[in-house]
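One structure below.
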Amino acid sequence: MRALHRVSPDWLLHRADVDDRSRSSELARDAAALLPPGRQVVHDLGSGSGAMMRWLAPQLPGPQRWVLHDADAAILGHRDPEPVIDASGRPVICRSSVELLAELEVSALADVTLVVASALLDVITFAEARTIVDACVELRVPVLFSLTVAGRVEFDPADELDEQFVSAFNAHQCREANGRRLLGPDATGVVANMLMDAGWHVRTVSTPWELASADGELLEEWLDGWLDAAVEHQPKLGGLADGYRTSRRAQLAANGLHVTVNHEDVLAWPA
């Protein structure tokens, strides 16, 4: 699923706690209410090491079987071996499937009752989004897409350079990479419109990361990656980035920095 957008196991581990507290528990409860009685079969697209399963499975009825789809076999190999327990106290059955999203076929989602993804939509293309939506519409099963980048970053305290870096980063997120034009911050709107055009009900909820001194290691790692991506897209910002980075790190060290990184969760189901 992420063959051209690889992430490191360390990054997934570092972000796990803030991801868990940011995802919409309200939409998770609503998703659970949409499920049919009996065994649940959940397919997680672009699953990484299984963080979405660890967060969501305890909120869904059981028994449950999960299929984790990802193009990166190494990431799938970092799945936590500890058993995941569903809402009824039963262990979740899980298997992995290594494949490209562009090659996903409806038959790969056999017996599915719920399709989920986390931090995926903004790093895929329009065609890949269409593949997902068409499969879900054909199967008429609800979908829960979590933590899609929304393109808005807010700093406290603010800096006059903030918007320049925000704009450059957002443009980088929509870049063409290896012949693939990524959806970036447009992803939620694109996918929501596809689903609404199919006549589905769609709910979108803001699920921001709220980062402060307690998240120091993650915040510093996020800041470095965010600035590096912005400068990669607009090299002229390179002369400003070092000073900006130093200033923000000093604020973080003094417990004086708060950053809101906006994301969105989407729940959709057939009418």
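Only a single item in (1) without any contact (Cβ under 8 Å) to a residue 40 or more places away in the chain; (2) surrounded by 15 or more Cβ atoms within 10 Å (Cβ to Cβ) is not met by Leu227, and it is number (1). Can you tell me which residue within the range 153-176, out of those that are under 19 Å from His258 (Cβ atoms) and part of a loop (DSSP other than H, G, I, E, B), is least open to solvent (accessible area, probe 1.4 Å)? Out of the qualifying residues, it is Leu161. If you go through the range 137-150 and keep only what is farther than 15 Å from Gly46 by Cα and over 11 Å from the mean Cα position of the chain (by Cα), you end up with Val137, Glu138, Leu139, Arg140, Val141, Pro142. Screening the range 36-51 for residues that are closer than 14 Å to Asp86 by Cα and among the hydrophobic types (A, V, I, L, M, F, W, C) and picking the one that is surrounded by the most Cβ atoms within 10 Å (Cβ to Cβ) gives Val42.
Considering every residue within the range 40-51, establish whether at least one is under 23 Å from Val141 (Cα atoms), assigned to a helix (DSSP H, G or I) and either in contact with a Leu (Cβ under 6 Å, 6 or more places away or on another chain) or of a type in the set (Lys, Arg) (or both). Taking every residue of the range 40-51 in turn, none turns out to be under 23 Å from Val141 (Cα atoms), assigned to a helix (DSSP H, G or I) and either in contact with a Leu (Cβ under 6 Å, 6 or more places away or on another chain) or of a type in the set (Lys, Arg) (or both).
In this entry, Thr204 is excluded by the filter for residues that are assigned to a helix (DSSP H, G or I), among the polar types (S, T, N, Q) and at pLDDT 95 or above.
For the range 198-219, the count of residues that are surrounded by 20 or more Cβ atoms within 10 Å (Cβ to Cβ), acidic (Asp, Glu) and under 22 Å from Leu12 (Cα atoms) is nonzero.
Does Glu99 meet the test of being open to solvent by 30 Å² or more (accessible area, probe 1.4 Å) and free of Cβ contacts under 8 Å to residues at least 12 places away in the same chain?
For Glu99, the condition - open to solvent by 30 Å² or more (accessible area, probe 1.4 Å) and free of Cβ contacts under 8 Å to residues at least 12 places away in the same chain - is not met.
Scanning the range 184-197 for residues that are open to solvent by 10 Å² or more (accessible area, probe 1.4 Å) and either more than 22 Å from Trp269 (Cα to Cα) or at pLDDT below 95 (or both) turns up just one, Pro185. There is at least one residue in the range 65-78 that is closer than 27 Å to Thr204 by Cα and either β-branched (Val, Ile, Thr) or over 18 Å from the mean Cα position of the chain (by Cα) (or both).
For the range 257-271, the count of residues that are modelled with pLDDT under 95, surrounded by fewer than 17 Cβ atoms within 10 Å (Cβ to Cβ) and either among the small types (Gly, Ala, Ser) or part of a helix (DSSP H, G or I) (or both) is nonzero.
On inspection, Asp19 passes the criterion of being at pLDDT 95 or above and open to solvent by less than 20 Å² (accessible area, probe 1.4 Å).
Rundown of residues vs (1) open to solvent by less than 20 Å² (accessible area, probe 1.4 Å); (2) touching a Lys or Arg at 6+ places or on another chain (Cβ under 8 Å); (3) not polar (S, T, N, Q), yes/no style:
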| site | (1), (2), (3) |
| --- | --- |
| Arg23 | yes, no, yes |
| Glu26 | no, no, yes |
| Ala73 | no, no, yes |
| Val92 | no, yes, yes |
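Residues in the range 105-152 that are within 18 Å of Asp197 (Cα to Cα) and of a type in the set (Asp, Glu) were compared, and the one that is surrounded by the fewest Cβ atoms within 10 Å (Cβ to Cβ) is Glu138.
The values are calculated or read from the model by the stated rules, or taken from the named source; none is laboratory data. Predicted model only: the values in this text are computed from it and were never measured. As a convention, Cβ positions derive from the backbone with ideal geometry for all residues, glycine included, and neighbour counts pool all protein chains shown. Each accessible area value is taken on the protein alone, full model and side chains, heavy atoms only, with ligands, DNA and RNA left out. Shrake-Rupley method; radii C 1.70, N 1.55, O 1.52, S 1.80 Å.
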